[in-house]
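The values are calculated or read from the model by the stated rules, or taken from the named source; none is laboratory data. Since this is a predicted model, take the numbers as computed values, not measurements. Cβ placement follows ideal geometry from the backbone for every residue including glycine, while neighbour counts extend to all protein chains displayed. In case anyone asks, the SASA skips ligands and DNA or RNA and just uses the protein heavy atoms, side chains included. Shrake-Rupley method; radii C 1.70, N 1.55, O 1.52, S 1.80 Å.
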Amino acid sequence: MEDLAGKVAFITGGASGIGLGFARALARRGVRLALADRDAAGLAAAADALTDAGAEVLAITCDVADADSVQQAADSTIARFGKVHVVMNNAGVSLNGSSGAIPLSDWRWIVDINLMGVVHGVEIFVPLIESHGEGGYIINTASMAGHWASSFMAPYTATKFAVVGYSETLAQELAPRGIGVSALCPGWVRTKIAESGRHLPSNADAPQSEAAGAIHDLINNGLSPDVVGEVVIQAMAEKRMHIFTHDDMRPVIDLRRDALQNDFGRAADAVREAEARLSETPSGTE
Ligand code: NAD
């Protein structure tokens, strides 16, 4: 994937935010674009703007939570462009809440989009990328929330940790098959993600929690999606597994590493102590 000009990219959540920022970065390099999003109006506006700027764009209304919908989007992309080289599984939503009071329907909603949406993209597009033998690249949008857990963000955090782990597996598995894989792990980016809660199955009009209000402010002051798009292009060239964008969040990575090292440091002693306790236990009374 050294030379992107003339290649084809498929981007979910391409109507807005990070997906659109990456689309613009690819368009600047002559990549033909298939943008998939469930927001038909936003998609049309994004496609028009990119077309006006000279890009070749196919806009596809698609729900990534629905495997059939992703399959249809893939079929449309192949029908229009013949092949696909770059796939960004990026569509995602956020969900805050206090554990013990999060409706299971909301949990299923976010897992179906943030995790299964990525799985659908991988399962459907890997054979298509392999079929042309020109190689390819998959970028799965995770988050810093895929490396660091925060209170009141359990469902979002769970899906993003899953996307990071899944992407690390894919990177090992797909490298010998000519497909690079990265997990995009940004901090705050100036997008519409905070509005995604309006689609919650439990209550579309739920009032914003205090945590959600604070997150909204951080996002509004976040990094430009266009900068993220450029960072992703460079990371693909460098074949970087994890694509980070927020150096100021390094302390949370260090804290997690230290916590893991501390807990891991107890493993050998803990097993020895357990074996000693068991050896002192009269047999048959365990
Ligand atoms: P955004 O809301 O601006 O864009 C997300 C797009 O995904 C929207 O156009 C939306 O219509 C689309 N979408 C949502 N559900 C969909 C579905 N079921 N099927 C198809 N399209 C769907 O938000 P964004 O911040 O650009 O989000 C993109 C990704 O970036 C998400 O995975 C998000 O979790 C991740 N992310 C965002 C931030 C941030 O601060 N904005 C930080 C880290 C990670």
### Query
Quick check, is Met241 of a type outside the set (Phe, Trp, Tyr), in contact (Cβ under 8 Å) with a residue 60 or more places away in the chain and within 21 Å of Ala23 (Cα to Cα)?
yes
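For residues in segment 110-119 being open to solvent by 20 Å² or more (accessible area, probe 1.4 Å) and over 16 Å from Ala183 (Cα atoms), which is nearest to the ligand (Cβ to nearest atom)? Step through it out loud before you land on a result.
Of the residues in segment 110-119, the ones open to solvent by 20 Å² or more (accessible area, probe 1.4 Å) are 111-112, 115-116, 119.
Right, trim to over 16 Å from Ala183 (Cα atoms) and you get 111-112.
Numbers: Val111: 12, Asp112: 8 Å.
So, considering only residues that are open to solvent by 20 Å² or more (accessible area, probe 1.4 Å) and over 16 Å from Ala183 (Cα atoms), the one nearest to the ligand (Cβ to nearest atom) is Asp112.
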### Tally, over segment 16-34, of residues that are touching a helix residue (DSSP H, G or I) at 6+ places or on another chain (Cβ under 7 Å), near the ligand (Cβ under 9 Å from one of its atoms) and either open to solvent by less than 10 Å² (accessible area, probe 1.4 Å) or outside the structural domain of Ala74 (by TED's automatic domain parsing) (or both)
1
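Based on this model, can you work out whether Pro251 counts as open to solvent by less than 90 Å² (accessible area, probe 1.4 Å) and part of a loop (DSSP other than H, G, I, E, B)?
No.
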#### Entry: Positions within segment 121-135 being open to solvent by less than 20 Å² (accessible area, probe 1.4 Å) and among the hydrophobic types (A, V, I, L, M, F, W, C), in sequence order
Val122, Phe125, Val126, Ile129
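For segment 47-155, which fully contained strands (runs of 3 or more DSSP E) count at least 2 residues that are touching a His at 6+ places or on another chain (Cβ under 6 Å), at pLDDT 95 or above and in the same structural domain as Gly17 (by TED's automatic domain parsing)? Give the steps one after another, and end with the answer.
Numbers: elements: 57-61, 86-89, 136-141.
No strands (runs of 3 or more DSSP E) qualify here.
For Ala59, are the conditions met, namely being aliphatic (A, V, I, L, M), farther than 22 Å from Lys160 by Cα and open to solvent by 60 Å² or more (accessible area, probe 1.4 Å)? Full working, then the answer.
On the way: aliphatic (A, V, I, L, M): yes; farther than 22 Å from Lys160 by Cα: yes; open to solvent by 60 Å² or more (accessible area, probe 1.4 Å): no.
Against the criterion (aliphatic (A, V, I, L, M), farther than 22 Å from Lys160 by Cα and open to solvent by 60 Å² or more (accessible area, probe 1.4 Å)), Ala59 does not qualify.
Taking only segment 255-274 into account, find how many residues are part of a helix (DSSP H, G or I) and either surrounded by 10 or more Cβ atoms within 10 Å (Cβ to Cβ) or in contact (Cβ under 8 Å) with a residue 24 or more places away in the chain (or both).
First, the residues of segment 255-274 that are part of a helix (DSSP H, G or I): 255-265, 267-274.
Filter again for either surrounded by 10 or more Cβ atoms within 10 Å (Cβ to Cβ) or in contact (Cβ under 8 Å) with a residue 24 or more places away in the chain (or both), leaving 255-260, 263, 265, 270-274.
Residues flagged as part of a helix (DSSP H, G or I) and either surrounded by 10 or more Cβ atoms within 10 Å (Cβ to Cβ) or in contact (Cβ under 8 Å) with a residue 24 or more places away in the chain (or both) within segment 255-274 amount to 13.
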### Residue ID - nearest to the ligand (Cβ to nearest atom), chosen from residues in segment 4-15 that are among the aliphatic types (A, V, I, L, M) and closer than 23 Å to Gln72 by Cα
Ala15
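So which residues in segment 69-109 are over 24 Å from Gly197 (Cα atoms), surrounded by fewer than 21 Cβ atoms within 10 Å (Cβ to Cβ) and either within 15 Å of the ligand (Cβ to nearest atom) or among the hydroxyl-bearing types (Ser, Thr, Tyr) (or both), if there are any at all? Explain how you work it out, then say what you get.
Narrowing segment 69-109 to residues over 24 Å from Gly197 (Cα atoms): 71-87.
Imposing the further condition that a residue be surrounded by fewer than 21 Cβ atoms within 10 Å (Cβ to Cβ) reduces the set to 71-72, 75-76, 78-83.
Listed by number, the residues that qualify are Gln71, Gln72, Ser76.
Residue under question is Val163, and the condition is that it be modelled with pLDDT of 95 or more, among the β-branched types (Val, Ile, Thr) and assigned to a helix (DSSP H, G or I); does it hold? Walk me through how you get there before you give the answer.
Details: modelled with pLDDT of 95 or more: yes; among the β-branched types (Val, Ile, Thr): yes; assigned to a helix (DSSP H, G or I): yes.
Spelling it out, Val163 is indeed modelled with pLDDT of 95 or more, among the β-branched types (Val, Ile, Thr) and assigned to a helix (DSSP H, G or I).
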### Summary
Pairing a residue in segment 37-58 that is more than 13 Å from Ala23 (Cβ to Cβ) with any residue that is open to solvent by 70 Å² or more (accessible area, probe 1.4 Å), where Cβ atoms lie under 7 Å and the two sit 6 or more apart in sequence or on different chains, gives Arg38/Thr61; Ala40/Thr61
### Message
touching a residue at least 60 places away in the same chain (Cβ under 8 Å), open to solvent by 10 Å² or more (accessible area, probe 1.4 Å) and out of contact with any strand residue (DSSP E or B) (no Cβ under 6 Å at 6 or more places or on another chain): is that true of Glu168 in this structure?
### Response
yes
